[in-house]
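The values are calculated or read from the model by the stated rules, or taken from the named source; none is laboratory data. Computed from a prediction, not measured in an experiment: that's the story for all the values here. Here the Cβ is made from the backbone with ideal geometry for all residues, glycine too, and neighbour counts use every protein chain on show.
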């Protein structure tokens, strides 16, 4: 009798287990490529946190159409080669339904070939080189502004609002820096001003004395820096040490709280275009407060800029499209391409253009009293 | 402008030289290259960072503490690891590459991002003619000179130093006349660790520190040592300063984006003309 009872119990467990398993739909797989090591770590952590926050909220509210979202985050070590491997893993091994993430133009330009070939929708949140969104890249979208828009914007602000007359340029010789520099020079041309000096450096450089000495000799009143952490803050510190008093301007590469940590004095007064600022509207502020509460207090300070884009892309673009189109990749791509709507932090309605680029107005900030403050354009 | 570039180049060159000394010390003794040298330099910086931020060590005691600690670690690693590797050059090279990767990733666990180093040498700006630079540059150059003087004194006037030299000249004969060969080799490793770690503390306040800072410096320090003559201490110093200067001048006057190309093309040319390095000498092969 006892044995029968045990067997019956076992059968019951098996059957009920089987039933509940077939009852739950397979999860939607969302892939994220992000640098969790190497020079891009601080940006990558933001991307990862934004994704976790969004997916957690969606899953707690019952998922998308009853399906939970499973997040697969792969580290690309801020390296283009490893970025390709990371994307291959997501596409081939994990068979994700879509990819949202990516940092660094060189990395994204390398890894997007994989998602393009496999026909997986890929929404880029952290790379700005114009070549990423072109008409021939059918599966690749991007939510942040390109180098050309940002660099042109900052050229205009530098000349027309800040009244700079002698602007010098220093750029990282990677895809990001060169893309920015080219667009900036083009805009300067249209503004009828010639940069007084143009210098380049390599991402791994630590000492910028030679470049900055040349720049100092040109006696600039503005220095446009197109680079990221740690190059950019090092340039700022060393420029001030050399006695360069020019005002620093730049684009999204500088929009990282680590800039202020690494160049606390030298970065003061820097004006830059950024991709998100919490004080643009009330919803942005409310989100940022929730974000800092979740991720602040760790060993690394919370970095809202790319986290905000990752979060908003998942919540406002991916979620409604997954709801509407399901996980059929062609339909999903179609839905994203025709999507139109409001996201917090951007004043006007936004949509993707025919190249897959999200059209929007850029956000300006100034480094003031050790924080990024919203900068009012006149 | 020239002076500014020269000052920057000499200071960078001194760092290459001091890290390069680590390569030279080990190479002279074992005829082997320790590829973890650059990462030892990086680890030295982080050790200095810890002491300077946690316990507020002032400049001189910080340098001494880091040197002593690195010397000790070098001795221990010799006993635990190097001693089992240096019977064969290939095994040694692969072993030290592995050790470097372990060091780098251990530091990366705790410091995944670049962090600022406290200005232990002060924040004063020194003005020299048309050149302006942080007072830390003076420390870098002065300490390099002091280190070379100390090493010279060690090898010329002390028993320990003479024993190390004897082992470097011929371990077999040194052994038969009573020198404890393994111990002298251990001390050589300790010394090579100490100089690299001191270089790490010197460079810390000038730039930010990150777990990958040893890659490029290690590589260039190795080149500096080869350029100067890897079996010669004065040669390594000369090679380091020359490489730093070449880089800075190339960046200032030729192309900042291709400074490494210019510097290393010149280096190749020099080695083609003088394969033993500037002050190096050929070691006769014994039969």
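Summary table below
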read-out	value
Complete set of residues in region A:121-147 that are within 21 Å of residue A:345 (Cβ to Cβ) and without any contact (Cβ under 8 Å) to a residue 40 or more places away in the chain	A:124
Options B:248, B:221: the member that is in contact with a helix residue (DSSP H, G or I) (Cβ under 6 Å, 6 or more places away or on another chain), within 14 Å of chain A (Cβ to nearest Cβ), buried (at least 17 other Cβ atoms within 10 Å of the Cβ) and closer than 25 Å to residue B:1 by Cα	B:248
Lone unmet requirement of (1) surrounded by fewer than 23 Cβ atoms within 10 Å (Cβ to Cβ); (2) under 24 Å from the mean Cα position of the chain (by Cα) for residue A:171	(1)
Only listed residue being assigned to a helix (DSSP H, G or I) and within 16 Å of the chain's Cα centre (by Cα), chosen from B:40, B:94, B:33	B:40
Qualifying residue in region B:95-112 (condition: buried (at least 19 other Cβ atoms within 10 Å of the Cβ), closer than 30 Å to residue A:214 by Cβ and touching a helix residue (DSSP H, G or I) at 6+ places or on another chain (Cβ under 8 Å))	no
Residue count for region A:273-317, restricted to those that are farther than 30 Å from residue A:184 by Cβ, surrounded by 22 or more Cβ atoms within 10 Å (Cβ to Cβ) and either within 14 Å of chain B (Cβ to nearest Cβ) or under 11 Å from the mean Cα position of the chain (by Cα) (or both)	0
Residues of region A:263-278 that turn out to be assigned to a loop (DSSP other than H, G, I, E, B) and farther than 12 Å from residue A:225 by Cβ, as a count	8
Strands (runs of 3 or more DSSP E) lying entirely in region A:173-262 (those with 2 or more residues that are touching a strand residue (DSSP E or B) at 6+ places or on another chain (Cβ under 8 Å) and within 12 Å of chain B (Cβ to nearest Cβ))	A:197-201
Selected residue (only one of B:129, B:122, B:178, B:161 is surrounded by 13 or more Cβ atoms within 10 Å (Cβ to Cβ) and on the phi > 0 side of the Ramachandran plot)	B:122
Identity of the residue in region B:116-128, in contact with a strand residue (DSSP E or B) (Cβ under 6 Å, 6 or more places away or on another chain) and either facing chain A (nearest Cβ under 10 Å) or modelled with pLDDT under 85 (or both), that ends up nearest to residue B:208 (Cα to Cα)	B:125
Residue B:48 being touching a helix residue (DSSP H, G or I) at 6+ places or on another chain (Cβ under 8 Å), outside any loop (DSSP other than H, G, I, E, B), over 27 Å from residue B:281 (Cα atoms) and in contact (Cβ under 8 Å) with a residue 60 or more places away in the chain	yes
Residue match in region B:80-91 (condition: buried (at least 17 other Cβ atoms within 10 Å of the Cβ), within 25 Å of residue B:232 (Cα to Cα), away from chain A (no Cβ under 14 Å) and in contact (Cβ under 8 Å) with a residue 24 or more places away in the chain)	yes
Lone unmet requirement of (1) within 14 Å of another protein chain (Cβ to nearest Cβ); (2) more than 30 Å from residue A:163 (Cα to Cα); (3) surrounded by fewer than 22 Cβ atoms within 10 Å (Cβ to Cβ) for residue A:338	(1)
